[in-house]
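The values are calculated or read from the model by the stated rules, or taken from the named source; none is laboratory data. In this text the structure is predicted, and so the values were computed from the model without any measurement. Here the Cβ positions follow ideal geometry from the backbone for every residue, glycine too, while neighbour counts run over all protein chains shown. Surface accessibility is based on the protein's heavy atoms, side chains included, excluding ligands, DNA and RNA. Shrake-Rupley method; radii C 1.70, N 1.55, O 1.52, S 1.80 Å.
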Amino acid sequence: MVTPVLMIAIPLLAAFLMPLIKKAHRYFTFSILLLNAILSVLLFAKVYNDGAIYETIAGFSPPVGIYLAVDNLSALLALIINLFATINFVTSKKDFKFSMLYLLGVTGATGIVLTGDIFNMFVFFEITAVASYALVASKKDEKAVEGSIKYMILGSVGSSFMLIGIAIIYSQLKSLNLYDIAARISSMDPKMMWLSFSFLLTGIGVEAELFPLNGWVPDAYEGASSNIASFLSFGPSKASIYAIARLLIIFSMSRTYELALYVGIATLLIGEVAAFMQKNEKRMLAYSSIGQMGLILIAFSLIKDTSYAIPAAFFIIVSHASAKSSLFLISGKKGFGGITSKYVGLAGVLSLIGMPPMAGFWGKWYLLMGIADEKMWAVAAVIIFSAVIEAIYFARYLHKNLGEGESEDLGYSIPAAVMVSVSIVMGILPLIYNMAGGVLNA
Amino acid sequence: MIELTIISWIMAFLVIGAAIYAIETKDLISAAIAAGVASLVVSIMFLVLQAPDVAITEASIGAGLTMAIFVYAIGRTGRWEE
Amino acid sequence: MRKVVAIILASAFFAVLLVSFSNIQQADYGEKEYYYQNPINGSYANESVPSHYISNTKNETGAVNAVTAIVVEYRGFDTLGEVTVLFTAATGVSFLLYKTRGGKKRTEANLILKEGSKLVLPFILLTGAYIFIHGHLTPGGGFPGGAVIASGFLLMMLSYPKFFMKERAVSVTESMAGITFAFIGLLGLVFASSFLQNFLPLGDAGYILSAGIIPIIYIAIGFKVGSELSSIADKLKEVQK
C-alpha cells in the first residue's frame, strides 16, 4: 500500500530517531532517503495509472481537515527531489546532526509538493527553510556564515509575509484547503485578493529566487559547501517554484498570470546578465540559477494559455535540477581534472543552454512552441536573447575549465555524473511528454 | 466589535512605545528587554481578547525564553550597536 | 533620511494591514452555492470551517477545549510540522555553535536568588506539567507547557552559572517524545484509516482520561518542546564560563 503520507512520516520518524543511533547515521540516512525515492517511484506509477490521489489526514474530510493532493507533476517533483537527495547524500562527510538537518530539509521540500493545504505548505516551507539556513552555514567559515545570515533574514521576513497572506485568505474565505480556496476565490473582494496574492508571492518568492528578493542567492551558494549548494538548487528552490505554480492556479486571474510573467522576465534577464558579468565561478552558477528560475516562472505563467506550459516547466526543472546540481557538486575543485568531471561539465552545460539531446532542449523547445502559439514575440525574443548570453558565458566557463585542473575527487564527481545522466535520459525519452500531459487539474 | 476601554488604550500605547524603543536604542540589552515587555503586554491583550491559550504561550515564550536567548546571544557578541 | 523612509514604509504597511483586517466580511454560506466537489467523498462542500469547529468539536474529538482539538486533531499534521520546525532549529543551533575558550567570567548570584530559585523550580515544573496534561480540558497545551518547563530550567541557568543541562538526557527525551508523536500517527494509519487519526475510545468529555490520543500527543509535545527550548538556551549559555 503506497500512501503519500509515508514519504513525510517515515523521514520525520527517522530524524527523531537519529540522536539515539549516532554511529551508523550515514547508512541509516542513506537508506531512508533511498526508501523515500522508491516510495516516490511507486507513488508516481500509481498516480500515473489511476489519476490523482487525495489522502486525508486525521480522518476529517477536506475543508475541515488537512489532506495531501498528489497529481502527476507533484509526484514527479517528489521523485526528482528524493532521487537527487539520495544521490547527493553520498558525498556527505559530516556528523549526525548534518544528516538530520539534511533529512529534514528534504522532507520539507517533499511536503511542499505533496500537500493540498496552504497552511500545511507554510509549515513545510518553514522546515525546509530552517534546515537550509543551518546547512548553508555548515562550512562554518566567514563566507558561509555571511550567506547564511543573509538567507535567514530574507527568509524569515518572507515567511512572515506568507503567513500574513494566508491569514488574509482565511479571514475572507474561512478555508485553508487549496481546492476549496480555488472554488471560492471569485467571491473574494478583488482588493483583498491582490493583497493576499502579493503577500504570498513575496513570501514564496524569497525561496524561489525571484527577482527583487534574491539578494541572498549568490552569497549563500558561494558560501555553502558544494554538496549543499547542489542541495539548494534541486530541493527548496524547485519545491517553492512549484508552490508558486499552485498559487497561480488558485488565483487564476489573467492579471496575476501577467504579473508572474513580468516577474519571470525580469528574473531571467537580471540573472543571465549578472551571470555574464560575474568572474567568480560559483557566483556565476548561482546567478545562472536565478535566470533559470525566471524561465520556469515564465513557463508556469502561461499555464492557462497553452498546453505546452507544463511540459516546458517540467523539462526545465529536470534539466536545471540535474545539471546545475551536478555542476555545483564538482565546483569544489578547480577545473575539470579527470574524465568523469569533464563528462559532467560538458553534459551539464549542454543541458543548461538547451542543446538537442538533453532535457534542457525539450524545455526551451516546448516553451518557445507555447509562446509562438500565443504570438508573444517580445517574450520569445527575450528568451532567445538570454539563451545567447547563457551560451556565451557557459562557453567561457567550459573554455576555462576543460583544460587542466586539480585532480578530481571521485567521491564527488561520480554522484555528479549519475545526476547529470538523468538529464540525458530525460532528453532521450520525449515519451515523458505523454506522462506530463494531464497534470495539474485544479 | 470589542470596546476599547482605557486600559486597552494604555496597553496599546505601551506596546507601540516599547517596540519603538527597542528599535531606537543603541543598547542591545535594553532593546531585548523592551521587546520582552512588548510581548508581555501583548499577552495581556490576548487574555483580554479571550484567547487564554495564546496568552500563556506568548507570555512564556515571548517574554521569557526569547528575551533570555537574546541576552545570551548578545553576551556572545557585543552589547552596543554602532 | 533613512528614518523618514522607514517611518513612511512602516505606516504604509500598517495602513495596508489595517484595511485588510478591518473589513472581514461574513461570508453567507447558506445562500451562495459553490460548485466545489470534494475530491475524496464526492460531496459538494458548502460548509464554513470555523462554524464546523465550533459546533462539532466535542462530538468528534471528545475534547472540551476546542483550541486543543483543532491543534492536535483537525490540524494535527501542522502541529507535527511545527514541532519539527522547533526540532530543526534546536538541531541547527547545536550544530553550528561550538565551544570557545575564554568566555567572560560571571559573578555568583546572591543567596536569596539561589535558594529562591531552588524553591520555586518544582512549582514551575508542576505548573508546566499541569498545563500540558490538562491540555484537552483547560487552556494551554503542549507548547505553552513545554515553554513553562523550559523557563524553569532557564531560571536555574540564570542563578547558577555552573548549572548545565545533561546533554544526553535532553537529547534522549527529545527523540523519545518525537518518536512517540510520529509513531502514534503511524498507528492511526494502521488501526484507523488515516495518519494521526484517533484510534482510542473518546471517553466522557471533561474527564482527564478522555479525548482519545490528544492527551498522549500533548504530553509528548510538552516533553519535546521543553527539552528543545532548554537545550537551545543551554547551548547559547555554554560559552560563558
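Tallying residues that are open to solvent by 10 Å² or more (accessible area, probe 1.4 Å), more than 7 Å from chain C (Cβ to nearest Cβ) and part of a strand (DSSP E or B) within segment A:56-79 yields 0. For segment A:202-219, the set of residues classified as of a type in the set (D, E, K, R) and outside any helix (DSSP H, G or I) consists of A:209 only.
Among the residues of segment C:51-67, none qualifies, meaning not one is touching a residue at least 40 places away in the same chain (Cβ under 8 Å), within 7 Å of chain A (Cβ to nearest Cβ), under 17 Å from the mean Cα position of the chain (by Cα) and part of a helix (DSSP H, G or I).
Counting only helices (runs of 4 or more DSSP H) that sit completely within segment A:292-383, those holding 2 or more residues that are open to solvent by 40 Å² or more (accessible area, probe 1.4 Å) and touching a residue at least 24 places away in the same chain (Cβ under 8 Å) correspond to A:339-353, A:359-374. The test for being surrounded by 14 or more Cβ atoms within 10 Å (Cβ to Cβ) and touching a residue at least 12 places away in the same chain (Cβ under 8 Å) does not hold for residue B:17.
The set of residues in segment C:152-176 being touching a Phe, Trp or Tyr at 6+ places or on another chain (Cβ under 8 Å), under 14 Å from residue C:224 (Cα atoms) and open to solvent by 10 Å² or more (accessible area, probe 1.4 Å) consists of C:173, C:174, C:176.
Number of residues in segment A:80-101 that are of a type outside the set (A, V, I, L, M, F, W, C), open to solvent by less than 10 Å² (accessible area, probe 1.4 Å) and within 14 Å of another protein chain (Cβ to nearest Cβ): the value is 2. Inside segment A:183-215, residues that are open to solvent by 40 Å² or more (accessible area, probe 1.4 Å) and more than 30 Å from residue A:149 (Cα to Cα) make up a count of 5.
For segment C:143-162, state whether one or more residues are more than 26 Å from residue C:211 (Cα to Cα), polar (S, T, N, Q) and either within 10 Å of chain B (Cβ to nearest Cβ) or assigned to a helix (DSSP H, G or I) (or both).
yes
Taking only segment B:31-55 into account, find how many residues are under 26 Å from residue C:65 (Cα atoms), assigned to a helix (DSSP H, G or I), touching a residue at least 12 places away in the same chain (Cβ under 8 Å) and open to solvent by 20 Å² or more (accessible area, probe 1.4 Å).
Within segment B:31-55, the subset under 26 Å from residue C:65 (Cα atoms) is B:39-55.
With assigned to a helix (DSSP H, G or I) added as a condition, the list becomes B:39-48, B:52-55.
Keeping just the survivors that are touching a residue at least 12 places away in the same chain (Cβ under 8 Å) gives B:39-46, B:48, B:55.
Those still in the list that are open to solvent by 20 Å² or more (accessible area, probe 1.4 Å) too: B:40, B:42, B:44-46, B:48.
Total satisfying the criteria: 6.
Scanning segment C:109-151 for residues that are over 19 Å from residue C:233 (Cβ atoms), of a type in the set (D, E, K, R) and open to solvent by less than 60 Å² (accessible area, probe 1.4 Å) returns no hits. Of all residues in segment A:7-16, those satisfying the criterion of being facing another protein chain (nearest Cβ under 8 Å) and either surrounded by fewer than 24 Cβ atoms within 10 Å (Cβ to Cβ) or touching a residue at least 24 places away in the same chain (Cβ under 8 Å) (or both) are A:9, A:12, A:13, A:15.
Please indicate, with yes or no, whether at least one residue in segment A:396-413 is farther than 18 Å from residue A:284 by Cα, open to solvent by 50 Å² or more (accessible area, probe 1.4 Å), touching a residue at least 24 places away in the same chain (Cβ under 8 Å) and among the hydrophobic types (A, V, I, L, M, F, W, C). Looking for residues that are farther than 18 Å from residue A:284 by Cα, open to solvent by 50 Å² or more (accessible area, probe 1.4 Å), touching a residue at least 24 places away in the same chain (Cβ under 8 Å) and among the hydrophobic types (A, V, I, L, M, F, W, C), one finds at least one in segment A:396-413, hence yes.
Scanning segment C:107-142 for residues that are farther than 28 Å from residue C:76 by Cα, small (Gly, Ala, Ser) and not in a helix (DSSP H, G or I) gives a single hit, C:109.
Annotation: of all residues in segment C:198-215 being within 14 Å of another protein chain (Cβ to nearest Cβ) and open to solvent by 40 Å² or more (accessible area, probe 1.4 Å), the one that is farthest from residue A:9 (Cα to Cα) is C:202. For segment B:47-82, which residues satisfy the criterion of being at the interface with chain C (Cβ under 7 Å from one of its Cβ atoms) and either of a type in the set (Lys, Arg) or more than 26 Å from residue C:237 (Cβ to Cβ) (or both)? Matches in segment B:47-82: B:52, B:53, B:76.
Table: residues versus (1) basic (Lys, Arg); (2) under 11 Å from the mean Cα position of the chain (by Cα); (3) within 30 Å of residue C:22 (Cα to Cα).
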site	(1), (2), (3)
B:12	no, no, yes
B:17	no, yes, yes
B:48	no, no, yes
B:76	yes, no, no
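Considering each residue of segment C:163-171 in turn, none proves to be polar (S, T, N, Q) and more than 8 Å from every other protein chain (Cβ to nearest Cβ). For segment A:17-24, the count of residues that are open to solvent by 30 Å² or more (accessible area, probe 1.4 Å), assigned to a helix (DSSP H, G or I), of a type outside the set (Asp, Glu) and not assigned by TED's automatic domain parsing to the domain that holds residue A:324 is at least one.
Out of segment C:177-197, which residues are under 26 Å from residue C:138 (Cβ atoms) and either in a loop (DSSP other than H, G, I, E, B) or open to solvent by 40 Å² or more (accessible area, probe 1.4 Å) (or both)?
Within segment C:177-197, the subset under 26 Å from residue C:138 (Cβ atoms) is C:177-178, C:180-181, C:184-185, C:188, C:196-197.
Selection gives C:180, C:196, C:197.
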